[in-house]
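Enquirer: Here it is, the structure, as structure tokens.
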Amino acid sequence: MVPANPIIPGFAPDPSIIRVADTYFLVNSTFHFFPGIPVYASKDLVHSQLKLSNTPSKISQWDDKRQMVGNRGLYAPTIRWHAGTFYIIVSNILDDRSGPNSEVADHLIISTNDIYANIWSDPIHWEYGGGDPSLFFEDDHVYVQIASAKDASVHQFEIDIQTGKRLSEPKSLWKGTGRPWLESPHVYKKDGYYYLLVAEGGCFEQHVISIARSENLWGPYEGCPANPILTAFNTTSYIQNVGHGELVEDINGAWWVVVLGVRQTGNSFVLGRESFITSVEWLDSGWPKISPVAITANAHARHRELPQPGSNGAVTFSAVSGFLHIRGRDDKMYTIGPDGQLTILPSNIDLLDPEGSPTFIGVRQKSLEGTASTSMRLPDIDRVQKIGLRTGLAMYKEEHRFIRIFYDSTSGEICFEAFSRLAQVHLLNRKAVDLHGDLGLRLRYTELVYHCEYRLPGSKEYIVLGSIDSAKMSNLDFVGPVIGVFAVANDVVDGNPEVHFTGLEVD
């Protein structure tokens, strides 16, 4: 089969991939969304399945003593397998609140002997000045490659995989081709050479992939004369920002590379960074030649059931695989009934707050054109009015950008709100309603616009309350759109009224 692009649609940046026997395993960054890294499995690089959950999946496995604001969190995981054990190494980027430029990296290693059971070890924490760590196993030794913040080069050292202790002094392997932002180092051994694959140029329009090789793991490394071996910069390709690659050999001996990229229209890329795949040819010179990344012809219309539970976009809330929360999850705020109905309790943390975990549960938007809808039932209206309840449907990226349609119990109105700090946009429309019964809420979107709509009890007609240009929600994004339901209240006490949602359908 020929893999279809994008291989993982929607919010799926920084792919790392391995093959174990006849199965491929792929992971992505999730930044401030929880639970952490999604683990996908595929037999053919075409049909992928999200494992039972993401990892880390326990709040205690994240460092909650330091602030995780939007676009920080879990960066650039690498997945590896050795001697029957799967390993994931990743950077957790936090803010220690010491002042300006107070970003710190807490690196984690987790492992499992049974990836299908989805029971991962508690993380081993280790610190080093840099990011995007990778692992290379050779004989009984394990080596870390990491993009060093000290001298903008790839550093390598041996590590005790059980404790995280460094067993050797770090050594600089390669400084790349001279482009800024050397990242995403991975080492492979092939035909007597050690190949060092890196990304350069930053995460956006000047993103490139370059490669070097050596006959010794510790170098010296020589760069490929054809570097960069892959980029979309200065091309007219629909897929832009291509980089952050990982090589993999399939069961037939053919080679591929998975990369991040964006589907760009004008100056916006609505779905953010997605995972793509393209073929690799090894030349007689021993250097790889990578084919340009191409979009699948029907990608605009295709609906692919990769990361989410359910079928035909329908989510009953009974299957928790693929659901995301913001900076953690307070389990007592969410109850899933046997009929798949979701009951949530409001928190006093709103979507625009930079700290804490709002009551929010959502899934990735995977299609450029489609709808997301749910049905909401409130408890006694008089009771919720007293606590200032706001609850409904939202598209969320981070505290700086979100769209939502919701019921405001204080004013008795349905509200549309669109907020983008970067675009200096804050829209708010209100409509007074007499709400008794189920309220239908819907986001309808294209590559150009988001519409927020509502359907009153007893009606079949959706009414548009507000719209916003999709470009206002797009920028130099690390994350992509996540659509879900939320509840926030001004006055949160024990015994607060519950909000009931039936189904969540996201194209």
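Readers should treat all values here as calculations from the given coordinates under stated rules, not as data from a laboratory. Every value quoted in this text rests on a predicted model; they were computed, and no experiment measured them. Neighbour counts run over all protein chains shown; Cβ positions are idealised from the backbone, glycine included.
Enquirer: Could you give the length gained on full extension between residue 369 and residue 169, defined as 0.36 nm per residue of separation minus the Cα-Cα distance, in nm?
Expert: Full extension from residue 369 to residue 169 adds 66.9 nm.
Enquirer: Using DSSP loop states and a limit of at most 13 other Cβ atoms within 10 Å to flag chymotrypsin sites (Phe, Trp or Tyr not before Pro), what is the longest stretch of the chain containing no flagged site?
Expert: Counting only loop sites that pass the neighbour cut-off, the longest clear stretch is 219-507.
Enquirer: Under the 0.36 nm per residue contour assumption, what length would be gained going from the current alpha-carbon distance of residue 85 and residue 400 to full extension?
Expert: My answer for the length gained is 109.5 nm.
Enquirer: While we're on this one: Whole Å is fine, so just give me how far the alpha carbon centre of segment 342-368 lies from that of segment 234-277.
Expert: What the calculation gives is 29 Å, centre to centre.
Enquirer: Among 154, 104, 270, which comes first, then next, by fewest other beta-carbon atoms within 10 Å?
Expert: 104, 270, 154
Enquirer: Could I have the simple spin-label model distance between residue 117 and residue 44, label points 7 Å from Cα toward Cβ, reported in nm to one decimal?
Expert: Between residue 117 and residue 44, the simple spin-label model gives 3.1 nm.
Enquirer: Do the sum for the chain: with -39,500 (n - 2.57) for every DSSP H run of n ≥ 4, divided by all residues, what is the mean residue ellipticity at 222 nm, to the nearest 500 deg cm²/dmol?
Expert: 0 deg cm²/dmol
Enquirer: Given 10 °C and 1.306 mPa s, compute D for segment 17-225 with the Stokes-Einstein relation, Rh being the Kirkwood radius over Cα pairs; round to the nearest whole µm²/s.
Expert: 89 µm²/s
Enquirer: If each of residue 429 and residue 460 carries a label point 7 Å out from its Cα toward its Cβ, how far apart are those two points in nm?
Expert: Using points 7 Å along Cα→Cβ, the separation is 2.4 nm.
Enquirer: Going from the alpha-carbon gyration tensor of segment 317-506, what semi-axes, largest first and in whole Å, does one get by taking the root of 5 times each eigenvalue?
Expert: Ellipsoid half-lengths, sorted descending, are 23, 19, 17 Å.
Enquirer: For segment 364-371, what does the Karplus curve 6.51 cos²θ - 1.76 cosθ + 1.60, with θ = phi - 60°, yield as ³J(HN,Hα) per residue in whole Hz, taken in order and with x for Gly and Pro?
Expert: 5, 6, 10, 10, 6, 10, x, 9
Enquirer: Which aspartates and glutamates does residue 386 reach when only Cα atoms under 13 Å apart count, and residues fewer than 8 places away in its own chain are ignored?
Expert: Partners within reach: 408, 491.
Enquirer: Size of the dipole of the chain about the Cα centre, Lys and Arg at +1 and Asp and Glu at -1 on the beta carbon, nothing else charged, in debye to 20?
Expert: 720 debye
Enquirer: Sort 289, 189 so that the residue with the fewest other Cβ atoms within 10 Å of its own Cβ comes first and the one with the most comes last.
Expert: 189, 289
Enquirer: What nm value, rounded to one decimal, do you get for the distance between residue 490 and residue 284 when each label is placed 7 Å out toward the C-beta?
Expert: With each label placed 7 Å out from Cα toward Cβ, I get 7.8 nm.
Enquirer: Efficiency by 1/(1 + (r/R0)^6): what FRET value for residue 446 and residue 386, r their Cβ-Cβ distance, R0 = 41 Å, to the nearest 0.05?
Expert: 0.55
Enquirer: Once you have the alpha carbon radius of gyration of the chain, what is it after dividing by 2.2 N^0.38 Å, with N set to its residue count?
Expert: 0.99
Enquirer: Can you give the longest stretch of the chain with no exposed loop site, where a site means GluC sites (Glu not before Pro) in a DSSP loop (not H, G, I, E or B) with at most 12 other C-beta atoms within 10 Å?
Expert: 216-354
Enquirer: Where does each of 452, 415 land when they are ranked from fewest to most other beta-carbon atoms within 10 angstrom?
Expert: 415, 452
Enquirer: Tell me which of 119, 195, 133 sits at the most positive position along the dipole axis of segment 17-225, charges placed on C-beta atoms (Lys, Arg +1; Asp, Glu -1).
Expert: Of the candidates, 119 comes out farthest on the positive side.
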